[in-house]
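What follows is a short report on a single structure.
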Amino acid sequence: MATISCPECAATIEVAEDVMIGEIVDCIDCGQELEIISVDGANIQARIAESEGEDFGE
Ligand SMILES: [Zn+2]
């Protein structure tokens, strides 16, 4: 497993090592949706997902 830090609450969140850029991960602590923005080996970064107001359609 790899880990990321929640930008909202700084919790450490485990993610799959083969996580893909653009994947959405829920923070286990605050529930914030996080978008994976960078994957460089085990160095994975995420930001708060900006899903509010967006409609991806169905
Ligand atoms: Zn959090």
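When a 1.4 Å probe is rolled over the protein heavy atoms, the share of accessible surface on segment 1-53 that falls to carbon and sulfur comes to 42 percent. Neighbours of Gly41 by Cβ distance under 12 Å: Lys/Arg scored +1, Asp/Glu scored -1, total -3.
Using 0.36 nm per residue and subtracting the Cα-Cα separation, the extra length available between Gln45 and Ala11 on full extension is 10.9 nm. Grab the other residues whose beta carbon is less than 9 angstrom from that of Met1, score K and R as +1, D and E as -1, and report the net. After counting each charged neighbour, the total is -2. Kirkwood-type hydrodynamic radius, the chain: 11.6 Å, calculated from all non-identical alpha-carbon pairs.
The values are calculated or read from the model by the stated rules, or taken from the named source; none is laboratory data. All of these numbers come straight from a predicted model, not from anything done at the bench. Cβ coordinates were reconstructed from backbone atoms using ideal geometry, including for glycine residues, and neighbour counts include every protein chain displayed. Accessible surface areas use protein heavy atoms only, side chains included; no ligands, DNA or RNA. Shrake-Rupley method; radii C 1.70, N 1.55, O 1.52, S 1.80 Å.
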